[in-house]
Amino acid sequence: MQVGLHHYLTVSILLFCLGLLGVILRRNLLVIYMSLELMLNAANLALVSFSRFNDKLDGQVLVFFIITVAAAEVAVGLALIVALFRKRQSAHVEDLTSMKL
Amino acid sequence: MESINNLINSGAVTDVLFYVFAALTLLCGILVIVNPFSRNPVTSAMFLVLTIISMSGLFVLLHAFFLAAVQIIVYAGAVLVLFVFVIMLLDLKEEQRRKIKFFGFIMGVIAVGGILSAFVKSMASVTPSSDNPKLEGDTVSLGHLLFTNYTLPFEVVSVLLLVAMIGVILLSKKKLE
């Protein structure tokens, strides 16, 4: 059976669920951030395969923008984590509960 | 020689390559979030690099050559260096195993299962418009589209990058005022 759209979509779905599982289950802020990157990449893979199998280049342009925004997001997020670590000396989500009622 | 050419034209090689890259992507993705050997974030970052590189292999198989190059340069080259740099700055100790709350674990798995079933259901209704795609995602056609139909988003993204840069500089100052 030839590899088609559904094969790529299956990989993308599994990768997205892996990333979501990482965000929910891991407790380290940095690893949570890496799982977020995994989810973004899964979305990119789905977009590129849709663009390939529908003969439209627009999906790849969207992926280009997603990569740019993800790079900006990582820079800001990591700066926030560093600022947080300076205040609390911890990168563990269970230690960051000052907003809890 | 002729048999090799036939093999390439029939698409059997690309099919095998797809399975190799897909398995590599998923395996390294699993090792990013649950690594049985080490709880150190550095190992997670290294496996994230492997995931991204094998995913750019998938992009090449989809004929998105420009995006494959961008993926390696931007993600593996810039974003992951940033991650490793921050891990070095934070000087994290080896993370001790804390007990995962049972209730949270169950709810997380249920949520992921729900999303998975929704995805699978929607995937069944998707049909590709062509079985034998001809689209090439090379730099020329992508750049042409970027500077004709997508000029405004392109400019907006440049402003966004500037804003992010200013924000990062402000956030990483010693004293916020």
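The values are calculated or read from the model by the stated rules, or taken from the named source; none is laboratory data. Keep in mind it's a predicted model, so treat the numbers as computed, not measured. As a convention, Cβ positions derive from the backbone with ideal geometry for all residues, glycine included, and neighbour counts pool all protein chains shown.
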All positions within the range B:96-125 that are closer than 27 Å to A:Leu62 by Cα and surrounded by 12 or more Cβ atoms within 10 Å (Cβ to Cβ): B:Val112, B:Ile115, B:Leu116, B:Phe119, B:Val120, B:Met123
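Let's see how each residue does on (1) surrounded by fewer than 23 Cβ atoms within 10 Å (Cβ to Cβ); (2) more than 7 Å from chain B (Cβ to nearest Cβ); (3) in contact with a His (Cβ under 9 Å, 6 or more places away or on another chain):
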position: A:Gly4; (1), (2), (3): yes, no, no
position: A:Ser12; (1), (2), (3): no, yes, no
position: A:Met34; (1), (2), (3): no, no, no
position: A:Leu47; (1), (2), (3): yes, yes, no
position: A:Ala71; (1), (2), (3): yes, no, no
position: A:Phe85; (1), (2), (3): yes, no, no
position: A:Gln89; (1), (2), (3): yes, yes, no
Failed criterion for B:Thr25 (all others in (1) within 29 Å of A:Asp58 (Cα to Cα); (2) loosely packed, with under 15 Cβ neighbours inside 10 Å; (3) at the interface with chain A (Cβ under 7 Å from one of its Cβ atoms); (4) not aliphatic (A, V, I, L, M) hold): (2)
Set B:Val42, B:Val32, B:Val49: member being touching a residue at least 12 places away in the same chain (Cβ under 8 Å), among the β-branched types (Val, Ile, Thr), closer than 19 Å to A:Val74 by Cα and buried (at least 23 other Cβ atoms within 10 Å of the Cβ): B:Val32
Total residues in the range B:132-148, condition within 8 Å of chain A (Cβ to nearest Cβ) and out of contact with any helix residue (DSSP H, G or I) (no Cβ under 8 Å at 6 or more places or on another chain): 2
Filtered residue count, the range B:134-169, keeping only those that are in a loop (DSSP other than H, G, I, E, B), free of Cβ contacts under 8 Å to residues at least 40 places away in the same chain and surrounded by 14 or more Cβ atoms within 10 Å (Cβ to Cβ): 1
Residue pairs meeting the criteria (Cβ under 7 Å; at least 6 apart or on separate chains; first facing chain A (nearest Cβ under 8 Å), in the range B:93-119; second modelled with pLDDT under 90 and assigned to a loop (DSSP other than H, G, I, E, B)): B:Glu95/B:Arg39; B:Arg98/A:Arg27
Residue ID - farthest from B:Ala22 (Cα to Cα), chosen from residues in the range B:57-70 that are facing chain A (nearest Cβ under 7 Å) and in a helix (DSSP H, G or I): B:Val70
Filter result for B:Ile110 (modelled with pLDDT of 85 or more, assigned by TED's automatic domain parsing to the domain that holds B:Ser38 and under 25 Å from the mean Cα position of the chain (by Cα)): no
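Look at B:Ser125 and say whether it is more than 23 Å from the chain's Cα centre (by Cα) and at the interface with another protein chain (Cβ under 7 Å from one of its Cβ atoms).
On the way: more than 23 Å from the chain's Cα centre (by Cα): yes; at the interface with another protein chain (Cβ under 7 Å from one of its Cβ atoms): no.
No.
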Flag if A:Gly22 is part of a helix (DSSP H, G or I), touching a residue at least 12 places away in the same chain (Cβ under 8 Å), at the interface with another protein chain (Cβ under 7 Å from one of its Cβ atoms) and of a type outside the set (D, E, K, R): yes
Failed item, numbered, when A:Asp95 is tested on (1) closer than 30 Å to B:Glu136 by Cα; (2) more than 9 Å from chain B (Cβ to nearest Cβ); (3) of a type in the set (D, E, K, R): (1)
